[in-house]
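Below is one structure, written out as structure tokens; the observations come after it.
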Amino acid sequence: MIAGLLAGLCAFLPAYAAGEPPVRDSIALEETRSAASAHEPSAHEPSAHGAAAPEQKEEEAEEELVSRPVQSTFGLATGVLVYGVAVGGIASLVFAVSLGRTGRFRPRTTAALVAGAAFTTVCLVPFLKYPATPPAVGNPDTIGKRTALFFLMIALSVLLAVIAVIVGRRLAPRLGNWNASVVAGGGYVLALVVACLVLPANSDAVAADFPAALLWEFRLASLGVQALLWTAFGLIFGALAERALAERVLAERAPAPSRDVVRPAP
């Protein structure tokens, strides 16, 4: 969890520098559109100087609970750090299960493999099916559905990865480690392709007039921050684990004690 906290600190500044500008531009674009639509005369309005609709009054009366400057600084820092601590704790459990069971890898190497597998299954694969979109792009009424589909994709990706590892280990004695890994990896990719075809597409599509460059910038920043966080976690946690398990590593590398019994001279 300490490694996850440090990884969150490493990812905060890039998240603020690369992620906040497209978020800010997206919100500004939505506010411009809302202001333009609010000034358009409606067919149900009696006159241009008529009374405002009740819904419009409610929207004007609403105030932000948290201002944008707070969201983009303290809010972003809190979210990234809490996320880093949470995934760090979960990844440490996966590391404890994987160490010594997926091959004779050192703790630092095992940590790197766990971090890479976590980024692939939890971030990259779901991103390919349901890529991130900035605020003010999608319909707020579909947030629940979009969130459920995204977490379903994460669960399927992780479950299929676990199955692939189990299948690869069972095939290794007959096919060899390399061939078993190729077969298990191919099965994982094939199962993911089927899952992507079966799962419904994102019905809340991006509007055609939304700037493509802005959307690409946000998605690239989102994926880049995740990659940076998991890379930092793998390096930091691997160093800490290597240090904590140094005695165990030395004991495994030490030659086995001789079984010859030395009897004292009569």
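Want the number for Ile163 to Val97: 0.36 nm per residue separation, take away the alpha-carbon distance, what's left? The partial results should precede the final answer.
On the way: separation 66, 0.36 × 66 = 23.76 nm, distance 1.49 nm.
Roughly 22.3 nm would be gained on extension.
Taking R0 as 30 Å, what FRET efficiency do you get between Ile90 and Val206 from their Cβ-Cβ distance, rounded to the nearest 0.05?
Here the calculated transfer efficiency is 0.45.
Using θ = phi - 60° and the Karplus relation 6.51 cos²θ - 1.76 cosθ + 1.60, list the HN-Hα couplings for segment 19-30 in order, rounded to whole Hz, with x at every Gly or Pro.
With coefficients 6.51, -1.76 and 1.60, one gets x, 5, x, x, 5, 5, 5, 5, 5, 5, 5, 5 Hz.
Could you sort 83-92, 168-177 so that the peptide with the highest average Cβ count within 10 Å comes first and the rest follow in order?
83-92, 168-177
What's the FRET efficiency of Phe151 with Leu175 using the Cβ-Cβ distance as r and R₀ = 25 Å, to the nearest 0.05?
0.15
Just to check I understand the Karplus step: with θ = phi - 60° and J = 6.51 cos²θ - 1.76 cosθ + 1.60, what whole-Hz values come out for segment 80-93, glycine and proline as x?
After applying 6.51 cos²θ - 1.76 cosθ + 1.60, I find 5, 5, 5, 4, x, 5, 5, 5, x, x, 5, 5, 5, 5 Hz.
What size of dipole, in debye to the nearest 20, comes out for segment 90-233 about its Cα centre when the only charges are +1 on Lys and Arg C-beta atoms and -1 on Asp and Glu C-beta atoms? Write out the running numbers ahead of the final one.
Numbers: 11 positive and 4 negative charges, 187 e Å.
Magnitude of the dipole: close to 900 debye.
Please list, ordered by chain and number, the residues whose modelled amide H lies under 5 Å from the amide H of Val137; skip anything fewer than 5 residues away on the same chain.
Amide H to amide H, under 5 Å and 5 or more residues apart or across chains, Val137 pairs with nothing.
So what's the net charge close to Ile236: Lys and Arg +1, Asp and Glu -1, counting the other residues with Cβ under 14 Å from its Cβ?
Net of charged neighbours comes to +1.
Could you calculate the FRET efficiency of Thr142 with Phe105 from 1/(1 + (r/R0)^6), where r is the beta carbon distance between them and R0 is 35 Å, rounded to 0.05? Numbers along the way, then the final one.
Values: r = 43 Å, r/R0 = 1.24.
With R0 = 35 Å, the Cβ-Cβ based efficiency is 0.20.
Between Ala213 and Tyr16, what length in nm is gained on full extension when 0.36 nm per residue of separation is reduced by their alpha carbon distance? Please list the in-between numbers first.
Working: separation 197, 0.36 × 197 = 70.92 nm, distance 1.85 nm.
That works out to 69.1 nm of additional length.
Read-outs: derived from the displayed coordinates by stated rules, not from any lab. This one's a predicted model, so the numbers in the text were calculated from it and none came from an experiment. Positions of Cβ are backbone-derived with ideal geometry, glycine not excepted, and every protein chain shown enters the neighbour counts.
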